[in-house]
Amino acid sequence: ATPNPWWTNAVVYQIYPRSFQDSNGDGFGDLQGITSRLDYLADLGVDVIWLSPVYKSPQDDNGYDISDYQDIDPLFGTLEDMDELLAQAHARGIKVVMDLVVNHTSDEHAWFQASRDPEDEHADWYWWRPARPGFEPGTPGAEPNRWGSCFGGSAWEYDPKRGEYFMHNFSRKQPELNWESKGLRQAVYSMMNWWMDRGIDGFRMDVIVMISKVMDENGLLPGEAGCLLEDTPVGPEGYSNPGPFCTDGPRLEEFLKEMRAAVFEGREGVITVGEAPGLSPERTGVISDPANHELDMLFLFDHVSIDQEGTKWNVLPFEAPKLKDIMSREQEAVRDAGWASLYFDNHDQPRIVSRWGDTSSEELRSLSAKALGLLLHMHRGTPYIYQGEELGMTNAGFTSLDQYRDLESINMYHQRVEEAKVQDAASMLHGMAVMSRDNARTPMQWDSSTYAGFTASYAPKEPWISVNPNHATINAAAEKRDQDSVLAFYRKLIALRHENPVVAAGSWHLLDKDDRQVYAFTRELESTQERLLVIVNLSSDHARIPEQTAQLLGIDHAGMMTATLGAVDPSKVVISNYPDEDTAAS
Ligand code: TEU
């Protein structure tokens, strides 16, 4: 069989530059700060770092609104700082992946400004549509249809200069790019090649599954101007969800193949991962199948939606069987071809130890973080560690609206509580405390000093968002000194993957799918005769070893797992060489 690509046993570390390390005391993280922390990342053992956007941006959506793809925003530094980071990372054997945001740009991008002139060559690089017939443009109800934005309000914004509306699935300062335009696509590929030629190693592609929109025979989008607004069913907040029309559209795979041919073909050592909200696990088997020449892997969303009902602000309790079911589908989809990404945390998700672990005591927080880390990293796929996840960093613990910075949380509070009145303030503030993206964006906790070492204690400016007070005990400096820390555990997890082919390449088989406390599965690799049995107690109390797992262990299932949230130290994990030895519990 062809050897597996290098990224099948790589571990990727996501950096949110704004919150990682501030080197000039302005309260924002920056590129020089990242470079100063590369030894920490090399010591952890990660193979790749993925940087959330550092391009020129008005920072309306913290850099996911780009106004110049080929320059660095002064908030983060300069192109020279970027070149130095690339050189220093590569010198340590660490690859660098940038965040590609080409479903939309900032409204301050030159392309958009040019597009506001209907005679300009860029006129069709965005989605422009006239007001509904019979309505005064720019007045309420005149929008082309009732699509809503993920960040609140209508998905259409009126531009007085052009006299038409432009579509935005995110903030009104993030106009949607029209990928039907070949000129736009060529300009994107040219920019991507400029970065690849500068020495980066690939891209994480922001909402890339949204670049193809569903069209009708006249090139119109469903629910277009002229259609009755009732054509687009409207939710309780007064808007419909554009998702179905804007995700996994008919030309998605055509565009991905065209991009791969134009940018990645012939380059070595590259990795591409596409963010795929709304895509089913089964689609990842097609899009990540190397025979299709599209993407190496996708970020799916089903497993990080099992504790939400309708919207992320309606929170449901964690149920292990639901996670097992979804993770099984995601593993099954790529059993024979294609590849899975493995993540629980990122800059849009709450911190997993607070979400599905138990932070009611220091011991349980540490055990939870290890249990969840072992669970994720022992699956088949490429694991992604989000900054601070390796420390067991927790949610922010915010209780009032003014502590939040994320426009998604703030806008949706106003829309849901004050405008549409579909949720009361207390319930929404609870939903935000559990699910807001700001939970992942508080400064990285390096040490126990005033600002956690994120910025100097004497810095002239406070950090842009509050530092979590628990940095006094949860921080990298303390955990580096503690061989039993979450950090030490993650270092072993990564080493386990690098040293045992079964972890990266072994097949995956779930055990006891209905057990509500214990999550257990096996990994097997014929070529090296290795088998691994992973048993994780995801509850906060003692759990009985379930039937199938006990049988595989050859013990009476009365055997109890002693440690609550039992994640044993991975260095004790014995990779058994079957068939003679019995499998080892881990
Ligand atoms: O996120 C896309 C996406 O699906 C988000 O709407 C996310 O799922 C949501 O915030 C969860 O409630 C990407 C980026 O990761 C995110 O940071 C950007 O805000 C967004 O696209 C627009 O670029």
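For every residue, the table says whether it meets (1) within 28 Å of Val12 (Cα to Cα); (2) crowded, with 18+ Cβ neighbours inside 10 Å; (3) within 23 Å of the chain's Cα centre (by Cα); (4) touching a residue at least 12 places away in the same chain (Cβ under 8 Å).
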{"site": "Gly163", "(1), (2), (3), (4)": "no, no, no, yes"}
{"site": "Met167", "(1), (2), (3), (4)": "no, yes, no, yes"}
{"site": "Phe170", "(1), (2), (3), (4)": "yes, yes, yes, yes"}
{"site": "Gln174", "(1), (2), (3), (4)": "yes, yes, yes, yes"}
{"site": "Gly199", "(1), (2), (3), (4)": "yes, no, no, yes"}
{"site": "Val214", "(1), (2), (3), (4)": "no, no, no, yes"}
{"site": "Leu221", "(1), (2), (3), (4)": "no, yes, no, yes"}
{"site": "Thr232", "(1), (2), (3), (4)": "no, yes, no, yes"}
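Considering only helices (runs of 4 or more DSSP H) fully contained in region 234-330, which possess at least 1 residues that are more than 16 Å from the ligand (Cβ to nearest atom)?
Correct list: 252-259, 281-287.
Only one of (1) closer than 22 Å to Val536 by Cβ; (2) touching a residue at least 60 places away in the same chain (Cβ under 8 Å); (3) away from the ligand (no atom under 16 Å from the Cβ); (4) not small (Gly, Ala, Ser) fails for Gln349. Which number is that? The one condition Gln349 does not meet is (3).
Evaluate the following for Val263: is it touching a residue at least 60 places away in the same chain (Cβ under 8 Å) and buried (at least 18 other Cβ atoms within 10 Å of the Cβ)? It is true that Val263 is touching a residue at least 60 places away in the same chain (Cβ under 8 Å) and buried (at least 18 other Cβ atoms within 10 Å of the Cβ). Here Leu316 meets each of (1) more than 30 Å from Glu254 (Cβ to Cβ); (2) in contact (Cβ under 8 Å) with a residue 40 or more places away in the chain; (3) touching a strand residue (DSSP E or B) at 6+ places or on another chain (Cβ under 7 Å) with one exception, condition (2).
Condition check ((1) surrounded by fewer than 21 Cβ atoms within 10 Å (Cβ to Cβ); (2) away from the ligand (no atom under 16 Å from the Cβ)) across all residues:
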| site | (1), (2) |
| --- | --- |
| Ala440 | no, no |
| Ser448 | yes, yes |
| Gly453 | no, yes |
| Ala459 | yes, yes |
| Ser466 | yes, yes |
| His471 | no, yes |
| Ala478 | yes, yes |
| Gln483 | yes, yes |
| Val486 | no, yes |
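Condition check ((1) among the hydrophobic types (A, V, I, L, M, F, W, C); (2) farther than 15 Å from Ile535 by Cβ; (3) crowded, with 22+ Cβ neighbours inside 10 Å) across all residues:
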residue	(1), (2), (3)
Leu493	yes, yes, yes
Glu499	no, yes, no
Lys513	no, no, no
Phe521	yes, no, yes
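The condition (being within 16 Å of the ligand (Cβ to nearest atom), at pLDDT below 95 and not polar (S, T, N, Q)) is satisfied by just one residue among Gly148, Gly134, Gly141: Gly148.
Would you pick out the residues in region 370-397 that are more than 17 Å from the chain's Cα centre (by Cα) and either closer than 13 Å to Ile494 by Cβ or not in a loop (DSSP other than H, G, I, E, B) (or both)? Correct list: Lys370, Ala371, Leu374, Leu375, Met378, Leu391.
When the residues of region 154-168 are filtered to those that are over 22 Å from Ser57 (Cα atoms) and assigned to a strand (DSSP E or B), which remaining residue is nearest to the ligand (Cβ to nearest atom)? Once the filter is applied, the top-ranked residue is Ser154.
Note on region 346-369: residues that are of a type outside the set (A, V, I, L, M) and more than 18 Å from the chain's Cα centre (by Cα) amount to 10.
If you go through region 401-438 and keep only what is outside any helix (DSSP H, G or I) and away from the ligand (no atom under 16 Å from the Cβ), you end up with Ala420, Lys421, Val422, Asp424.
The residues in region 331-367 that are assigned to a loop (DSSP other than H, G, I, E, B) and under 28 Å from Asp296 (Cβ atoms) can be counted, and the count is 18. Would you please name the residue that is nearest to Ala261 (Cα to Cα), looking only at residues in region 169-213 that are acidic (Asp, Glu) and assigned to a loop (DSSP other than H, G, I, E, B)? Top of the filtered list is Asp201.
When Ser212, Ser190, Ser171, Ser181 are screened for being within 15 Å of the ligand (Cβ to nearest atom), among the polar types (S, T, N, Q) and modelled with pLDDT of 95 or more, only Ser171 passes.
The values are calculated or read from the model by the stated rules, or taken from the named source; none is laboratory data. All values derive from a computational prediction rather than experimental measurement. Methodologically, a virtual Cβ is constructed for each residue, glycine included, from the backbone with ideal geometry; neighbour enumeration extends over all protein chains shown.
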